[in-house]
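Visitor: Take this structure first; my questions come after.
The values are calculated or read from the model by the stated rules, or taken from the named source; none is laboratory data. In this text the structure is predicted, and so the values were computed from the model without any measurement. Cβ placement follows ideal geometry from the backbone for every residue including glycine, while neighbour counts extend to all protein chains displayed. Please note that ligands, DNA and RNA were not included when accessible areas were found on the heavy atoms of the full protein model with its side chains. Shrake-Rupley method; radii C 1.70, N 1.55, O 1.52, S 1.80 Å.
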Amino acid sequence: MATDTGASRRLDQRFRVAEDGWGIAAAYTHARPASHHPDLRVPPGTACRYLLMLGIAARYRKQGGKFADEVLLDALYDMLEREPNHESVAVFARVDRHNLPSQKMLRRIGFQQVIPGTPERRLGWWLLTVDR
């Protein structure tokens, strides 16, 4: 089992669900970490949020990622709203090293992998700094 290093205590956690005519279409949650992972650097004056989960209903998958990208952008704007006293927000996400669709989605939006996943530690860390 992987250690969550500081992410087990979260502040200002937000959970959002989007529905369509068939039920839940997407959901995401994000939070401000109570403490930072020791290997992740955040520039002074920049807020930090962790994208904890983003899920897309199966009926919207394998369509080029357009809907997933819209949901991720909504999450990023929501994070900016939650940090009104900062000009930028460092958004970190963890993705399994085998989850290529999620990695592609993050890359399309501009995330960079900052700590790769390994066989010993499956989840890699991704970063995008969002400016107002």
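Visitor: For segment 37-132, list the strands (runs of 3 or more DSSP E) that sit wholly inside it and hold at least 2 residues that are within 27 Å of GLY23 (Cβ to Cβ) and under 15 Å from the mean Cα position of the chain (by Cα); which are they?
Guide: On the way: elements: 47-56, 88-96, 112-115, 123-131.
Answer list for segment 37-132: 47-56, 88-96.
Visitor: Among LEU40, LEU73, LEU52, LEU80, which is within 19 Å of THR129 (Cβ to Cβ), out of contact with any Cys (no Cβ under 9 Å at 6 or more places or on another chain), open to solvent by less than 50 Å² (accessible area, probe 1.4 Å) and touching a residue at least 24 places away in the same chain (Cβ under 8 Å)?
Guide: That would be LEU80, the only listed residue that is within 19 Å of THR129 (Cβ to Cβ), out of contact with any Cys (no Cβ under 9 Å at 6 or more places or on another chain), open to solvent by less than 50 Å² (accessible area, probe 1.4 Å) and touching a residue at least 24 places away in the same chain (Cβ under 8 Å).
Visitor: So the check is Cβ under 8 Å with 6+ separation or different chains; which pairs have a first residue in segment 109-132 that's in contact (Cβ under 8 Å) with a residue 60 or more places away in the chain and a second one that's among the β-branched types (Val, Ile, Thr) and assigned to a strand (DSSP E or B)?
Guide: LEU123/VAL95; TRP125/VAL114; TRP125/ILE115; LEU127/VAL91; LEU127/VAL114; THR129/VAL89; THR129/VAL91
Visitor: Restricting to segment 14-38, name every residue that is in contact with a strand residue (DSSP E or B) (Cβ under 6 Å, 6 or more places away or on another chain) and farther than 24 Å from PHE67 by Cβ.
Guide: ARG32, PRO33, ALA34
Visitor: Check segment 58-75 and report whether any residue there is within 26 Å of LEU11 (Cβ to Cβ) and of a type outside the set (A, V, I, L, M).
Guide: Scanning segment 58-75, I find at least one residue that is within 26 Å of LEU11 (Cβ to Cβ) and of a type outside the set (A, V, I, L, M), so the answer is yes.
Visitor: Would you point out the residue of segment 83-124, among those that are basic (Lys, Arg) and open to solvent by 80 Å² or more (accessible area, probe 1.4 Å), that is nearest to PRO44 (Cα to Cα)? Can you show your working first?
Guide: Initial filter on segment 83-124 (basic (Lys, Arg)): 94, 97, 104, 107-108, 121-122.
Imposing the further condition that a residue be open to solvent by 80 Å² or more (accessible area, probe 1.4 Å) reduces the set to 97, 104, 107-108, 121-122.
Details: ARG97: 29, LYS104: 29, ARG107: 25, ARG108: 26, ARG121: 28, ARG122: 29 Å.
Per the criteria, the residue is ARG107.
Visitor: Return the pairs, sorted by first residue and then second, in which the second residue is open to solvent by less than 80 Å² (accessible area, probe 1.4 Å) and not in a strand (DSSP E or B), the first residue lies in segment 8-26 and is within 13 Å of ILE56 (Cβ to Cβ) and at pLDDT 90 or above, the beta carbons are less than 6 Å apart, and the residues are 6+ apart or on different chains.
Guide: Final answer for the pair search is ALA25/ALA57; ALA26/VAL71.
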